[in-house]
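Asker: Quick one: the structure is below, questions incoming.
Every read-out reported here was derived from the displayed coordinates using simple, explicitly stated rules and does not represent laboratory data. Just so we're clear, the structure is a prediction, and the values are computed from it rather than from any experiment. Note that each Cβ is placed from the backbone with ideal geometry, even for glycine, and that neighbours are counted across all protein chains shown.
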Amino acid sequence: MRFYCPRCWRDFAKDLPRCPYCGLDIQEFWESQDYVEKLIIALQHPEPETPIRAAWLLGQLKDLRAVQPLIDLVKKTKDVYIARAAVHALGEIGTPEACEFLATLVHHHAKMVRDEVRQILTRRGHTCPSSDQERSSHERQD
């Protein structure tokens, strides 16, 4: 089992109260964070399964604090599986900001991400309207 510092993401073989690399008081740090904050921090974990699980959980919780960190993750990651998980979570949260960002990804370089975005934007009853639905809505208002 490996342990990670939540500030510098260096790993070590045993659970330590203080990071031997950056000096962070790990126990105090974790005690000062709520569950959502811990999940948001986990989006940056170097082991890819952790950000995928964290993104899924954030999508289930629909906490608005996760929107910008998930957007930042999609923009930064080179891992298409992580990007897809973050996109899915943004679709679950469904804020206007999340939906606007998702609409910018319909031409993403990774087909897996594009497919997830299209599925979100065309899902019936979903909070993110598709581009066609948005246009129709705006045309009716004009």
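Asker: In degrees between 0 and 90, to the nearest 10, how far off the longest principal axis of the chain does helix 49-61 point, with axes built from Cα atoms?
Answerer: Approximately 60 degrees, to the nearest 10.
Asker: Going Cα to Cα from residue 75, which lysines come in below 25 Å? Please leave out same-chain ones fewer than 8 positions away.
Answerer: Candidates past the 8-residue exclusion: 38, 62, 111.
Asker: Would you give the gap between the C-alpha center of segment 58-87 and the C-alpha center of segment 14-33, rounded to a whole Å?
Answerer: Centre-to-centre (Cα) distance: 25 Å.
Asker: Order by neighbour count: 64, 73, fewest other Cβ atoms within 10 Å first, most last.
Answerer: 64, 73
Asker: Just how large is the dipole of the chain about the Cα centre, in debye to the nearest 20, putting +1 at every Lys and Arg Cβ and -1 at every Asp and Glu Cβ? Spell out each step's value before the answer.
Answerer: Numbers: 20 positive and 21 negative charges, 86 e Å.
It comes to approximately 420 debye.
Asker: Once a ≥ b ≥ c are taken as the square roots of the eigenvalues of the Cα gyration tensor of segment 60-128, is the result rounded (a/c under 1.5), prolate (a/b larger than b/c) or oblate (a/b not larger than b/c)?
Answerer: oblate
Asker: How far is it, in nm, from the label point at residue 80 to the one at residue 111 when both lie 7 Å from their Cα along the line to the Cβ?
Answerer: If labels sit at residue 80 and residue 111, their model points lie 0.8 nm apart.
Asker: Another question, if that's okay. The chain: longest stretch without exposed trypsin sites (Lys or Arg not before Pro) (DSSP loop, at most 11 other Cβ within 10 Å), sites themselves excluded?
Answerer: With trypsin sites (Lys or Arg not before Pro) excluded where exposed in loops, the chain gives 15-77 as its longest stretch.
Asker: Compute the convex hull volume of the Cα atoms of the chain, divide it by the residue count, and report the result per residue in Å³ as a whole number.
Answerer: Taking the convex hull of the Cα positions in the chain, it is 116 Å³ per residue.
Asker: Would you mind computing, in nm to one decimal, how far apart the modelled labels at residue 49 and residue 95 are, each placed 7 Å from Cα along Cα→Cβ?
Answerer: 3.0
Asker: Pop the C-beta distance of residue 1 and residue 27 into the FRET formula with R0 = 22 Å and round what comes out to the nearest 0.05. Before the final figure, lay out each step's value.
Answerer: Working: r = 17 Å, r/R0 = 0.79.
It comes to 0.80.
Asker: Roughly what angle does helix 131-141 make with the longest principal axis of the chain, taking Cα atoms, 0 to 90 degrees, to the nearest 10?
Answerer: 50
Asker: Determine the dipole magnitude for segment 3-64: charges of +1 sit on the beta-carbon of Lys and Arg, -1 on that of Asp and Glu, nothing else is charged, the reference point is the Cα centre, and the result goes in debye to the nearest 20. Write down the numbers at each step before the final one.
Answerer: Details: 7 positive and 10 negative charges, 29 e Å.
Computed charge dipole of segment 3-64: roughly 140 debye.
Asker: Order by neighbour count: 3, 29, fewest other Cβ atoms within 10 Å first, most last.
Answerer: 3, 29
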